[in-house]
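K.L.:
Dropping the structure in here first, questions after.
The values are calculated or read from the model by the stated rules, or taken from the named source; none is laboratory data. This structure is a prediction, so every number in the text was calculated from the model and none was measured. Here the Cβ is made from the backbone with ideal geometry for all residues, glycine too, and neighbour counts use every protein chain on show. Note: accessible area is taken over every heavy atom of the protein model, side chains too, but ligands, DNA and RNA are not part of it. Shrake-Rupley method; radii C 1.70, N 1.55, O 1.52, S 1.80 Å.
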Amino acid sequence: MKRFLLSAFLAVASLLSAQSRQNAPAAPDLSATPTLYVVGYAHLDTQWRWEYPKTISEYLPDTLHKNFDLFEKYPHYIFNFSGANRYRMMKEYFPADYRKLRSYVAAGRWFLAGSSVEESDVNSPSAESITRQVLYGNEFFRREFGRSSAEYMLPDCFGFPASLPSLLAHAGIKGFSTQKLTWHSAAAVGGQDSPEKTPQGIPFNLGFWTGPDGKGVIAALNPGSYAGNVAYDLSKSDPRNTARDYVDWPARIDLNGKAGGLFADYHYYGTGDVGGSPGESSVSFVEAMVTRSKLALPGKGGATGSSAGEDGTLGAGPLRVVSSTAEQMFLDIKPDRIAKLPHYSGDLELIEHSAGSLTSQAYQKRWNRKNELLADAAERASVMALETGGRSYPQERLNRAWMLVLGGQFHDIMAGTATPQAYKYSWNDDVLAMNQFASIMTSATEAVAAAMDTQGKGIPIVVYNPLNIEREDVVEAAVSFPGGIPRAVRVYGHDGKE
């Protein structure tokens with residue numbers, strides 16, 4: 001069964017990758033053309049200091065309507081939003097807006113970012129769950145919108161295990177991005193003496209993160225805050241700019257090129273936690289840079305001075321600024337360029353932010369693990385029941401249950417940093433999923449047992465081991481004896497040995 005699922009998944013991943021390459025615009029020569037990919041984004045915590053009802057009633061419609069307005073005003077604006085789970089909510093609660101959203105996705109203005117069901121935690125869930133985040137997330141996007149993503153976006157997750165790049169690579173993912181490592185990573189890398197002068201704990205700005213099996217993904221590990229604004233000309237250096245959040249992007253990209261041969265980088269801008277959209281002034285700056293025009297903010301004159309050059313024109317510097325989808329840079333980097341990029345292997349876990357979350361909200365973590373084990377047992381038993389002709393394979397029931405589990409792996413929910421009320425919703429989903437998996441497993445094992453030849457002396461007992469290895473363990477069984485309870489009980493194996 002595992003081989004069958006893996007083969008099917010790899011076929012889907014291959015199709016996903018081919019589709020992404022087909023839809024991507026012609027790639028610039030990043031070895032010669034300094035390019036900054038500016039990724040407009042709105043971070044939404046599905047549950048954190050609030051619960052699902054507020055996300056549905058306030059944050060999701062706000063995200064839809066603000067971006068619809070910006071699309072009409074700024075023809076080069078591209079918005080990136082992640083999480084198939086949130087799109088499912090849009091479809092259910094705002095069907096008219098959802099239809100409008102589909103038109104913007106088809107036009108290339110709204111990008112289905114992240115590939116996953118949720119911007120999930122990747123420390124507590126199993127490798128199987130992380131793989132299914134991509135499988136179910138991109139499958140939803142393909143089914144609903146006819147397209148998917150080749151990148152995995154986790155701006156706010158609380159650390160990343162060494163196994164993650166291998167899992168993503170096998171799922172067909174090309175690129176990974178996060179801004180969380182600026183919150184102090186435990187990795188002994190980076191610092192002002194590093195080739196790209198990255199903050200301590202960040203191995204590179206742009207490089208290749210390799211997993212234990214040698215597979216990996218291109219990674220943008222220092223893209224700036226997802227809630228950052230764009231308020232100056234990114235295309236040129238400005239020695240007069242003393243703002244705390246100022247980045248000399250041409251100088252930084254020059255360092256990247258000297259370190260890895262590619263003069264490129266990746267820059268988030270947008271808003272944090274409550275969804276919505278980037279501020280209009282930021283969108284206006286990006287629009288002016290992309291079109292190399294003078295800036296005209298709503299209600300204001302054109303920008304002048306150090307922000308826009310002597311004539312008020314933005315984007316005329318040596319750096320090409322691209323209003324980008326979350327995947328475009330990763331697809332623009334040709335495979336033969338990867339070998340020269342800086343490489344890193346190992347964990348990228350945080351040491352100051354969220355450390356206690358690994359042991360908080362134990363019910364959520366325990367029930368997540370129970371669901372992972374029950375799902376595996378239910379699927380294996382269902383394959384056996386199908387092979388014996390006893391039951392049809394319950395694909396839709398399994399999918400629905402898995403979607404509940406994957407939704408509960410959202411980083412603030414699984415990590416244990418959401419409100420107490422939020423966990424009432426998540427626990428309810430956990431229990432619904434456990435009951436579903438348990439019901440499927442019971443039905444399937446009954447079908448398999450009914451097909452067995454259990455004739456023989458005594459009362460037959462069927463024991464189901466869902467693991468793919470032999471095991472020794474204690475088994476409990478409730479047995480009825482028609483002739484009364486005997487003085488002693490003997491148990492025999494299928495080979496007749498006691």
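K.L.:
Okay, helix-only estimate at 222 nm for the chain: each DSSP H run of n ≥ 4 adds -39500 (n - 2.57), divide by all residues, round to 500 deg cm²/dmol; what do you get?
P.N.:
On the way: 13 runs with 188 residues, N = 498.
My calculation for the chain gives -12500 deg cm²/dmol from helical runs alone.
K.L.:
From the backbone phi of the stretch 337-351, what are the Karplus-calculated ³J(HN,Hα) couplings (6.51 cos²θ - 1.76 cosθ + 1.60, θ = phi - 60°) in whole Hz, Gly and Pro given as x?
P.N.:
8, 5, 4, 7, 5, x, 10, 9, 10, x, 5, 9, 8, 8, 10
K.L.:
Restricting to bridges with both residues inside the chain, how much of the DSSP beta-bridge set is antiparallel, in percent to the nearest 5?
P.N.:
On the way: 11 of 38 bridges.
Roughly 30 percent of the beta bridges in the chain run antiparallel, per DSSP.
K.L.:
Treating cross-link reach as a plain straight distance, find the lysines whose alpha-carbon is under 19 Å from the alpha-carbon of residue 258, omitting any fewer than eight places away in the same chain.
P.N.:
Excluding near neighbours in sequence, the set is 197, 236, 334, 340.
K.L.:
Pairing the Cα long axis of helix 249-260 with the longest principal axis of the chain, what angle in degrees results, from 0 to 90 and rounded to the nearest 10?
P.N.:
Compared with the principal axis, the helix lies near 60 degrees.
K.L.:
Per residue of the stretch 389-398, in order, report the coupling 6.51 cos²θ - 1.76 cosθ + 1.60 (Karplus, θ = phi - 60°) as ³J(HN,Hα) in whole Hz, putting x for Gly and Pro.
P.N.:
x, x, 8, 7, 6, x, 4, 5, 5, 5
K.L.:
Ordered by packing density, taken as the mean number of other Cβ atoms within 10 Å over each peptide's residues, highest first, how do 424-433, 203-212 rank? Kindly include the intermediate steps, with their values, before the conclusion.
P.N.:
On the way: 424-433: 17.7, 203-212: 23.2.
The packing order, highest mean first, is 203-212, 424-433.
K.L.:
Compute the signed sum of charges (Lys and Arg +1, Asp and Glu -1) over the other residues within less than 12 Å, Cβ to Cβ, of residue 226. Could the numbers behind the result be given before it?
P.N.:
On the way: positive: 180; negative: 45, 119, 156, 273.
Charge balance near residue 226 sits at -3.
K.L.:
Determine the distance separating the Cα centre of the stretch 142-172 from the Cα centre of the stretch 308-352; give it in Å without decimals.
P.N.:
Using only Cα atoms to place each centre, the spacing works out to 18 Å.
K.L.:
At a Cα cut-off below 16 Å, give the aspartates and glutamates reachable from residue 73, other chains included and same-chain residues fewer than 8 away excluded.
P.N.:
280, 287
K.L.:
Taking R0 as 30 Å, what FRET efficiency do you get between residue 33 and residue 245 from their Cβ-Cβ distance, rounded to the nearest 0.05? Mind dumping the intermediate values first?
P.N.:
Working: r = 26 Å, r/R0 = 0.86.
The formula returns an efficiency of 0.70 here.
K.L.:
If we count every other residue with Cβ under 11 angstrom of residue 418's Cβ, Lys/Arg +1 and Asp/Glu -1, where does the sum land? Write down the numbers at each step before the final one.
P.N.:
Numbers: positive: 49, 424; negative: 45, 51, 412.
Net local charge, residue 418 excluded: -1.
K.L.:
Calculate the length of the line joining the C-alpha centroid of the stretch 435-491 to that of the stretch 174-235, in whole Å.
P.N.:
What the calculation gives is 53 Å, centre to centre.
K.L.:
Another one. Please sort 173-180, 114-121, 29-36, 352-359 by packing, taking for each peptide the average over its residues of neighbouring beta carbons within 10 angstrom, highest first. Provide the component values of the computation, followed by the final result.
P.N.:
On the way: 173-180: 24.1, 114-121: 28.6, 29-36: 17.6, 352-359: 14.1.
In decreasing order of mean packing, 173-180, 114-121, 29-36, 352-359 become 114-121, 173-180, 29-36, 352-359.
K.L.:
At 1.4 Å probe size, with the rest of the protein present, what percent of the exposed accessible area of the chain is carbon and sulfur atoms? Provide the component values of the computation, followed by the final result.
P.N.:
Values: 12220 of 22990 Å².
The C+S portion of the solvent-accessible surface of the chain is 53 percent.
K.L.:
With a Förster radius of 30 Å, plug the Cβ-Cβ distance of residue 450 and residue 369 into 1/(1 + (r/R0)^6) and report the FRET value to the nearest 0.05. Working shown, then result.
P.N.:
On the way: r = 30 Å, r/R0 = 1.01.
Using R0 = 30 Å, I get an efficiency of 0.50.
K.L.:
Accessible area per residue for the chain in Å², computed with a 1.4 Å probe and the full protein assembly in place, what is it? It would help to have the intermediate numbers written out before the result.
P.N.:
Numbers: 22990 Å² over 498 residues.
Accessible surface, normalised per residue, equals 46 Å².
K.L.:
Another question, then. Per residue of the stretch 83-98, in order, report the coupling 6.51 cos²θ - 1.76 cosθ + 1.60 (Karplus, θ = phi - 60°) as ³J(HN,Hα) in whole Hz, putting x for Gly and Pro.
P.N.:
Karplus values, whole Hz, x for Gly and Pro: x, 4, 4, 6, 5, 4, 5, 4, 4, 6, 9, 9, x, 5, 5, 5.
K.L.:
Still on this model: Summing Lys, Arg as +1 and Asp, Glu as -1, what charge do residues with Cβ under 13 Å from the Cβ of residue 62 carry, residue 62 excluded?
P.N.:
Details: positive: 54, 66, 86; negative: 58, 69, 97, 273.
Residues near residue 62 contribute -1 overall.
K.L.:
About the Cα centre, and with charges only on the beta carbon of Lys, Arg (+1) and Asp, Glu (-1), how big is the dipole of the chain? Nearest 20 debye, please. Provide the component values of the computation, followed by the final result.
P.N.:
Working: 48 positive and 53 negative charges, 150 e Å.
Dipole about the Cα centre, nearest 20: 720 debye.
K.L.:
Can I ask one more? If I fit a long axis through the Cα atoms of helix 127-145 and take the longest principal axis of the Cα atoms of the chain, what angle between them do I get, 0 to 90°, rounded to 10?
P.N.:
The helix 127-145 is inclined about 70 degrees to the chain.
K.L.:
Then there is this: If the cut-off is 16 Å between C-alpha atoms, which lysines fall inside it for residue 365, apart from same-chain ones fewer than 8 positions away?
P.N.:
Candidates past the 8-residue exclusion: 424.
K.L.:
Taking H as built 1.01 Å from N, whose amide H comes closer than 5 Å to the amide H of residue 320, not counting residues under 5 places away?
P.N.:
Sorted by chain and number, the residues that satisfy this are 35, 36.
K.L.:
Round to the nearest 10 and give me the degree value, 0 to 90, for the angle of helix 280-291's Cα axis relative to the longest principal axis of the chain.
P.N.:
The answer is roughly 70 degrees.
K.L.:
Something else now. Using modelled amide H (1.01 Å from N, peptide plane; none on Pro or chain starts), what sits under 5 Å from the amide H of residue 152, excluding residues fewer than 5 places away?
P.N.:
Sorted by chain and number, the residues that satisfy this are 175, 176, 177.
K.L.:
Next up: Given a Förster distance of 56 Å, report the FRET efficiency between residue 497 and residue 143 from their Cβ-Cβ distance, rounded to the nearest 0.05.
P.N.:
On the way: r = 52 Å, r/R0 = 0.92.
Calculated transfer efficiency: 0.60.
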